[in-house]
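To keep things clear, I will list the structure first and then write my remarks on it.
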Amino acid sequence: MKKLLSLILVIALAVGANAQQTLTQTDPAGAAATVNTNADTSYHTVDLAGQSRNFEWLNFVVKGTKTSGTVGGAVTLWGSMDNSRWYAVYGYTNADADSLITSQSLTDASVDLIFHVPQTKFRYYRVRVITTGTQVSAYDCYHLGRKVAN
């Protein structure tokens with residue numbers, strides 16, 4: 001009986017699991033980057049590798065940490081089928097669940113931003129962080145999806 005309950009628990013966890021994935025971060029030249037300095041751009045990309053239309057909801061979380069200076073700028077969400085041509089992705093935020101947006105503003109502080117996106121429409125998703133001002137800040141981006149029931 002104990003083995004049966006353990007087996008059921010393992011199957012339930014495997015079927016219902018929603019794995020969090022850290023987005024790969026690169027700068028415009030393609031080199032690995034972890035920090036934005038002054039007026040800078042970083043890209044954070046995830047490849048869903050053939051899982052298109054397999055998610056009911058996608059969540060993209062951007063965690064920003066200010067090191068120094070005055071942080072400004074914007075965070076935008078993009079999608080692509082070929083990792084070459086990018087299109088704006090509309091999502092909801094925690095602050096305004098009634099309006100679809102493609103961009104959120106960075107302010108002079110450490111920030112946590114989120115995009116809630118209904119359904120999977122692209123193979124690749126990219127969060128673009130553009131900073132302005134005289135500042136040093138770092139951004140980590142995560143993807144978490146809720147799978148469509150089979």
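The values are calculated or read from the model by the stated rules, or taken from the named source; none is laboratory data. Just so we're clear, the structure is a prediction, and the values are computed from it rather than from any experiment. Neighbour counts are summed over all protein chains in view; Cβ atoms, including those assigned to glycine, are modelled from backbone coordinates with ideal geometry. These area figures cover heavy atoms from the full protein model, side chains too; ligands, DNA and RNA do not enter into them. Shrake-Rupley method; radii C 1.70, N 1.55, O 1.52, S 1.80 Å.
Among the numbered criteria (1) open to solvent by 50 Å² or more (accessible area, probe 1.4 Å); (2) over 10 Å from Arg126 (Cα atoms), which one does Trp78 miss?
(2)
Any residue in the range 59-69 that is among the hydrophobic types (A, V, I, L, M, F, W, C), assigned to a strand (DSSP E or B) and open to solvent by 60 Å² or more (accessible area, probe 1.4 Å)?
The answer is no, given that none of the residues of the range 59-69 is among the hydrophobic types (A, V, I, L, M, F, W, C), assigned to a strand (DSSP E or B) and open to solvent by 60 Å² or more (accessible area, probe 1.4 Å).
Just the residues that are over 14 Å from Arg128 (Cβ atoms), in contact (Cβ under 8 Å) with a residue 24 or more places away in the chain and either assigned to a loop (DSSP other than H, G, I, E, B) or open to solvent by less than 30 Å² (accessible area, probe 1.4 Å) (or both), please, taken from the range 84-108.
Tyr90, Thr107, Asp108
Of everything in the range 109-119, what is outside any strand (DSSP E or B) and farther than 13 Å from Gly73 by Cβ? Give them in sequence order.
Result: Ser110, Gln119.
If you go through the range 109-131 one residue at a time, how many are of a type in the set (S, T, N, Q) and either open to solvent by less than 30 Å² (accessible area, probe 1.4 Å) or modelled with pLDDT of 90 or more (or both)?
Selection size over the range 109-131: 2.
Considering only the range 120-139, I want to know if a residue exists there that is in a loop (DSSP other than H, G, I, E, B), free of Cβ contacts under 8 Å to residues at least 60 places away in the same chain, touching a strand residue (DSSP E or B) at 6+ places or on another chain (Cβ under 8 Å) and not charged (D, E, K, R). Even if it seems obvious, please write down each step before you answer.
Quick first cut of the range 120-139, residues in a loop (DSSP other than H, G, I, E, B) only: 120-123, 133-134.
Going one step further and asking which of them are free of Cβ contacts under 8 Å to residues at least 60 places away in the same chain, we end up with none.
No, every residue in the range 120-139 fails to be in a loop (DSSP other than H, G, I, E, B), free of Cβ contacts under 8 Å to residues at least 60 places away in the same chain, touching a strand residue (DSSP E or B) at 6+ places or on another chain (Cβ under 8 Å) and not charged (D, E, K, R).
Quick check on my filter: what residues within the range 132-150 are farther than 30 Å from Gly69 by Cβ and either touching a Cys at 6+ places or on another chain (Cβ under 9 Å) or surrounded by 15 or more Cβ atoms within 10 Å (Cβ to Cβ) (or both)?
If the condition is that a residue be farther than 30 Å from Gly69 by Cβ and either touching a Cys at 6+ places or on another chain (Cβ under 9 Å) or surrounded by 15 or more Cβ atoms within 10 Å (Cβ to Cβ) (or both), then Leu144, Gly145, Lys147 are the ones that fit.
Within the range 71-98, how many residues turn out to be touching a His at 6+ places or on another chain (Cβ under 9 Å) and either over 13 Å from Phe60 (Cβ atoms) or acidic (Asp, Glu) (or both)?
1
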